[in-house]
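One structure is given below, encoded as structure tokens.
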Amino acid sequence: MRSAPIGVLDSGMGGLSVLHALRRAMPHERFVYFGDNANAPYGPRPPEEIRALTLNTAQTLLKRGVKALVIACNTANSAAGNMLKQRLPIPVVGVEPDLADARERAGNKRVIVFATQATLAMPLYRDMRERLCPEAVSIPAPELVMMVERGVLSGEEPEAFFREKLRPWAVEELGAVVLGCTHFIFLRPVLSSIAPGVPVFDGVEPVIEDLRSTLFRAGALAQSGEGGVELLTSSDEPAIRARMRDLLAAEL
Ligand code: DGL
């Protein structure tokens, strides 16, 4: 059990940012990543469709003998997290918009949340916002998903996007920005160049802690060995595999 790999899934490239952090935090673990690039983006799809696609990917990873599953996609986790926790015979953890930490850090300044349309519309986020931070401004950002899918991580395109969306506020008015989509983590340096000094929360640390303590309690945490990564995708485009490797190697 200890030496079995951990499954990590996303609609495409975004979860590679989470995988990056997982590898650093858990160097002895082996990871199998599945990007559902053939069906990305998930954000514009209805919840039932996202649920079906996520279940399908989870089953693929289960067949590879994974000991736990990380849903490295806010959209998939919002739609399918509870279902997978109930149905799968292994522990499941999932990333969600980190409104709690953002609220605490922002004081009485503005909290901005960037996420997919689907994440912002689903009960997980709506209830969380209502409970923790009703004044948070939610901004759907499907354009950013597609930039990262295309491998665009810097330059005028993402800069213009953030500049335009944050135009209503002076930088001093911004208390925190929540990246409620794992694709956007790759664009954090661009965001920070447009909104210097504003704290950014991506929800990755809480997932890693959740995974670590779950595996530890189950006696399934790898404590020695080399670790490693296997990258899988539903796409048959060779360029996608090359981009996945580049993104995993990107500096974050
Ligand atoms: N990486 C995704 C997320 O965290 C989903 C992007 C998409 O497929 O629309 O929400």
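Note that region 129-140 has calculated 3J(HN,Hα) couplings of 5, 4, 6, 9, 7, x, 8, 4, 9, 9, 10, x Hz, one per residue in order, obtained from phi through the Karplus relation 6.51 cos²θ - 1.76 cosθ + 1.60 (θ = phi - 60°); glycine and proline are x. The residues of the chain have, on average, 44 Å² of accessible surface per residue, using a 1.4 Å probe with all protein chains present. A viscosity of 0.692 mPa s and a temperature of 37 °C, combined with the Kirkwood radius over C-alpha pairs in the Stokes-Einstein formula, give region 1-153 a diffusion coefficient of 204 µm²/s.
Extent along the principal axes, Cα only, for region 90-198: 38, 36, 21 Å, with the longest axis given first.
Calculated from DSSP H runs of 4 or more alone, at -39500 (n - 2.57) each and per residue, what is the 222 nm mean residue ellipticity of the chain, nearest 500?
The helix-only estimate for the chain comes to -14000 deg cm²/dmol at 222 nm.
Per the Debye formula on identical point scatterers at the alpha carbon atoms of region 10-53, with no solvent, log10 I(q)/I(0) at q = 0.20 Å⁻¹ is -0.68. Averaging the sequence gap over all C-alpha pairs within less than 8 Å and six or more residues apart, then dividing by the number of residues, gives the chain a relative contact order of 30 percent.
Taking the chain as a Gaussian network of alpha-carbon nodes connected by springs under 10 Å, the highest mean-square fluctuation of the residues 43, 219, 180 belongs to 219. Taking Cα centroids, how far is region 109-134 from region 4-41 in Å? Using only Cα atoms to place each centre, the spacing works out to 24 Å. For the peptides 204-216, 231-243, residues were scored by their other Cβ atoms within 10 Å and the scores averaged per peptide; the highest-first order is 204-216, 231-243.
One chain, two ends: residue 127 and residue 143. Fully extended at 0.36 nm per residue, the span grows by 3.3 nm beyond their Cα-Cα distance. For residue 68, the amide hydrogen comes within under 5 Å of the amide hydrogens of 7, counting only partners 5 or more places away or on other chains and with H modelled in the peptide plane. On the protein heavy atoms, probe 1.4 angstrom, tell me the percent of accessible surface of region 64-196 carried by carbon and sulfur. Answer for region 64-196 is 49 percent, counting heavy atoms of protein chains only.
The values are calculated or read from the model by the stated rules, or taken from the named source; none is laboratory data. Just so you know, these numbers come straight off a predicted model, no measurement behind them. Ideal geometry is used to build each Cβ from the backbone, glycine not excepted, and the neighbour counts take in all protein chains shown. Keep in mind that these areas ignore ligands, DNA and RNA; they rest on the heavy atoms of the full protein, side chains included. Shrake-Rupley method; radii C 1.70, N 1.55, O 1.52, S 1.80 Å.
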